[in-house]
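Shown next, in structure tokens, is the structure this report addresses.
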Amino acid sequence: MKIGMIGGGGVGQTLGAALIALGHQVVIGIRTPSAEELAKARPQGATLTDWSARTGGAVADFATAARGAEVVFNVTPGQHSLAALRAVGADALAGKVLVDVANPLDFSAGMPPFLDSAFSGATSLGEQIQAEFPAAKVVKAFNTVAAAVMVTPSLIPGAHELFLSGNDAGAKAAVQGLARDLGWTGFVDLGDIVGARAQEAVLPVWVRLWMTGGSPLVTLKVVRA
Ligand SMILES: NC(=O)c1ccc[n+]([C@@H]2O[C@H](COP(=O)([O-])OP(=O)(O)OC[C@H]3O[C@@H](n4cnc5c(N)ncnc54)[C@H](OP(=O)(O)O)[C@@H]3O)[C@@H](O)[C@H]2O)c1
């Protein structure tokens with residue numbers, strides 16, 4: 001499958017490398033894919049030059065990464081995701097599964113971050129992306145676990161499930177298929193894209209669990225009677 005990864009940070013590199021290892025073709029999109037930008041040290045990942053050399057994946061601008069893709073991942077900081085996706089362009093996203101991994105976290109007051117009020121309450125980033133790009137099939141997924149867990153769920157022992165939401169059943173099935181290939185065996189479907197409110201609201205809890213437990217290898221588990 002051809003996959004466009006909008007964002008080349010820790011999540012884009014980790015998901016991209018794992019999907020390439022499964023046989024997919026991945027193009028990471030960044031704002032300015034110059035030689036200088038590709039060689040730049042990135043806080044949570046390798047340089048993109050090193051990432052390409054290691055994985056065989058390509059790096060391009062945002063629009064190019066999405067244009068040839070069947071599935072597009074949004075892995076940009078949530079407060080900037082709408083701007084990034086506008087740079088991708090609605091045409092390049094039309095008809096495609098758009099996996100929204102981003103969290104609209106505001107780090108302006110340091111740790112812990114809080115949910116940006118522009119994307120919380122009676123809205124969410126996932127819903128705003130779906131509203132602005134109605135021809136894309138937005139699926140909120142992977143946003144409630146650390147990047148390492150996205151691609152190796154067994155890092156957290158025991159049964160735990162991936163949350164997802166979205167309006168299009170076929171798109172959710174496609175995302176579940178990719179997740180199964182990454183090792184996920186169980187899913188909690190939170191319904192239509194309004195479910196993104198719940199998935200994004202997990203983040204303040206998740207960040208505190210990380211801070212108090214000293215490890216990002218933590219997740220929430222649903223137990224029903
Ligand atoms: N880190 C995790 O374990 C984790 C887990 C769950 C969810 N998430 C979510 O996944 C997303 C990606 O996380 P990350 O740590 O990989 O991200 P990141 O390193 O902060 O950002 C990655 C990409 O975002 C682009 N970007 C940054 N500012 C931008 C702006 N103003 N406009 C357009 N693009 C911009 C960058 O483009 P350039 O390369 O052009 O600078 C970069 O390629 C975030 O929303 C995060 O909350 C992260």
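Report the full-extension gain for the segment Lys221 to Ala201: residue separation times 0.36 nm, less the Cα-Cα distance, to one decimal in nm.
5.7 nm
Mind giving me the nanometre distance, one decimal, between the label points for Thr32 and Lys2, set 7 Å out from Cα along Cα→Cβ?
2.8 nm
Among Val75, Val138, Val205, which one moves the most in a GNM of the chain with springs linking Cα atoms closer than 10 Å?
Per the Cα network of the chain with a 10 Å cutoff, Val205 tops the list.
How high is the FRET efficiency from Ala60 to Arg180, r the C-beta distance, R0 35 Å, rounded to 0.05?
About 0.80, to the nearest 0.05.
Per residue Cα convex hull volume for the chain, in cubic angstrom?
Hull volume normalised by residue count: 124 Å³.
Sticking with the crude label model, points 7 Å out along Cα→Cβ, report the distance from Ala148 to Phe107 in nm, one decimal please.
Taking the two extended label points, one gets 1.8 nm.
Going by Cα centres, region 95-136 and region 148-216 are how many Å apart?
Using only Cα atoms, the two centres lie 15 Å from each other.
Just so you know, all these numbers are worked out from the coordinates, no wet-lab data involved. Keep in mind that what you see is a predicted model, and the values were worked out from it rather than measured. Neighbour counts are summed over all protein chains in view; Cβ atoms, including those assigned to glycine, are modelled from backbone coordinates with ideal geometry.
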